[in-house]
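Asks: My questions will all concern the structure given below.
The values are calculated or read from the model by the stated rules, or taken from the named source; none is laboratory data. None of the values given here were measured: they were computed from a predicted structure. Because the Cβ atoms are built from the backbone with ideal geometry, glycine has one as well, and the counts that use them run over all protein chains shown. Note: accessible area is taken over every heavy atom of the protein model, side chains too, but ligands, DNA and RNA are not part of it. Shrake-Rupley method; radii C 1.70, N 1.55, O 1.52, S 1.80 Å.
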Amino acid sequence: QVQLVESGGGLVQPGGSLRLSCAASGSIINNNIMGWYRQAPGKERELVALIGSGGSTNYADSMKDRFTISRDNAKNTVFLQMNSLKPEDTALYYCYLYDRARNYWGQGTRVTVSS
């Protein structure tokens with residue numbers, strides 16, 4: 001079974017940075033899409049960023065100037081570098097994988113931006 005395990009979340013002050021990681025394991029082919037979504041309390045889950053195996057990226061407009069997504073295909077790992085964090089970035093961040101018409105989700109890692 002495919003598993004996605006996130007790490008790197010935590011408490012950070014406004015203006016600070018965090019780097020999230022997500023390692024995928026199981027039956028995964030090279031041609032896939034990985035990314036990040038987030039869900040804040042009382043709000044719907046929203047796209048943060050996606051990255052294909054070839055390196056193409058897609059960012060939500062509100063995040064693309066502060067966040068950077070990258071991946072290591074050899075290790076099936078996706079990263080999210082988050083800079084200039086704001087209190088409104090506080091959310092549960094979910095790792096995402098699309099592989100052979102199936103969606104997979106991690107358990108989420110919590111990011112709290114507060115002074």
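Asks: Assuming SER53 fulfils every condition listed in (1) touching a residue at least 40 places away in the same chain (Cβ under 8 Å); (2) small (Gly, Ala, Ser); (3) open to solvent by less than 50 Å² (accessible area, probe 1.4 Å) apart from one, which condition is it?
Replies: (1)
Asks: For the stretch 100-112, give me each residue that is assigned to a strand (DSSP E or B) and more than 16 Å from the chain's Cα centre (by Cα).
Replies: ARG102
Asks: How many of the residues making up the stretch 59-99 are within 13 Å of the chain's Cα centre (by Cα) and among the acidic types (Asp, Glu)?
Replies: 1
Asks: Enumerate the strands (runs of 3 or more DSSP E) found wholly within the stretch 1-67, keeping only those where 1 or more residues are among the aromatic types (Phe, Trp, Tyr).
Replies: Because the criterion is at least 1 residues that are among the aromatic types (Phe, Trp, Tyr), the strands (runs of 3 or more DSSP E) in the stretch 1-67 that meet it are 33-39, 57-59.
Asks: What is the residue count in the stretch 1-47 for residues that are open to solvent by 60 Å² or more (accessible area, probe 1.4 Å), in contact with a Gly (Cβ under 7 Å, 6 or more places away or on another chain) and at pLDDT 95 or above?
Replies: Matching residues across the stretch 1-47 total 4.
Asks: Which members of the stretch 68-89 meet the condition of being part of a helix (DSSP H, G or I) and surrounded by fewer than 17 Cβ atoms within 10 Å (Cβ to Cβ)?
Replies: ASN73, ALA74, LYS75, PRO87, GLU88
Asks: May I pose another question? For the stretch 90-107, how many residues are open to solvent by less than 50 Å² (accessible area, probe 1.4 Å) and over 25 Å from GLY55 (Cβ atoms)?
Replies: 3
Asks: Does ASN30 satisfy the condition of being among the polar types (S, T, N, Q), in contact with a helix residue (DSSP H, G or I) (Cβ under 7 Å, 6 or more places away or on another chain) and touching a residue at least 24 places away in the same chain (Cβ under 8 Å)? Steps first, answer last, please.
Replies: Values: among the polar types (S, T, N, Q): yes; in contact with a helix residue (DSSP H, G or I) (Cβ under 7 Å, 6 or more places away or on another chain): yes; touching a residue at least 24 places away in the same chain (Cβ under 8 Å): yes.
Considered against the rule, which asks whether it is among the polar types (S, T, N, Q), in contact with a helix residue (DSSP H, G or I) (Cβ under 7 Å, 6 or more places away or on another chain) and touching a residue at least 24 places away in the same chain (Cβ under 8 Å), ASN30 comes out as yes.
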